[in-house]
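These notes are about the structure you will find just below.
The values are calculated or read from the model by the stated rules, or taken from the named source; none is laboratory data. Remember, predicted model here, so these are calculated numbers, not experimental data. As a convention, Cβ positions derive from the backbone with ideal geometry for all residues, glycine included, and neighbour counts pool all protein chains shown.
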Amino acid sequence: MDRRQIMDEVSENYARLLMVHITDYGILWSTAVKKMGQFLEFQAYLDLFGREGAQRLFRRHVKKLKDDYLNSKVQRYFDVLPEVLHQLFPDFETFTEE
């Protein structure tokens, strides 16, 4: 395996580790380091890319978690909006007919 393949594999393993073990967008880096310190994939990523690189990928992952959460929350609001509007304006169709 050449260096590029090793770096890609280590990156994929660390990303997978983040997806499995970091599921709350509110987690702090210091807490995550303690949680992931036991895993060889995390140690290998630190050895190749350093602490800043690991933290950068961690922050990107946490931002995606937060964005996904907010998007799903907005989608839930949109899903109930027709029913809410119907409750507020039950005769709405009659307004447009006049």
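Can you pull out the residues in region 1-30 that are part of a loop (DSSP other than H, G, I, E, B) and among the small types (Gly, Ala, Ser)?
Once the filter is applied, which keeps residues that are part of a loop (DSSP other than H, G, I, E, B) and among the small types (Gly, Ala, Ser), region 1-30 yields only 26.
Considering 47, 67, 79, which residue is part of a helix (DSSP H, G or I), without any contact (Cβ under 8 Å) to a residue 12 or more places away in the chain, of a type in the set (Asp, Glu) and under 21 Å from residue 7 (Cβ atoms)?
Going through 47, 67, 79 in turn, just one is part of a helix (DSSP H, G or I), without any contact (Cβ under 8 Å) to a residue 12 or more places away in the chain, of a type in the set (Asp, Glu) and under 21 Å from residue 7 (Cβ atoms): 47.
Can you name the residue in region 26-41 that is surrounded by 12 or more Cβ atoms within 10 Å (Cβ to Cβ) and under 24 Å from residue 69 (Cβ atoms) and, of all such residues, is nearest to the chain's Cα centre (by Cα)?
Per the criteria, the residue is 27.
Based on this model, can you work out whether residue 84 counts as over 20 Å from the mean Cα position of the chain (by Cα), exposed (fewer than 11 other Cβ atoms within 10 Å of the Cβ) and either outside any helix (DSSP H, G or I) or not polar (S, T, N, Q) (or both)?
Against the criterion (over 20 Å from the mean Cα position of the chain (by Cα), exposed (fewer than 11 other Cβ atoms within 10 Å of the Cβ) and either outside any helix (DSSP H, G or I) or not polar (S, T, N, Q) (or both)), residue 84 qualifies.
Being of a type in the set (Ser, Thr, Tyr), modelled with pLDDT under 95 and under 21 Å from the mean Cα position of the chain (by Cα) narrows it down to one residue among 69, 14, 77; which is it?
Among 69, 14, 77, only 77 is of a type in the set (Ser, Thr, Tyr), modelled with pLDDT under 95 and under 21 Å from the mean Cα position of the chain (by Cα).
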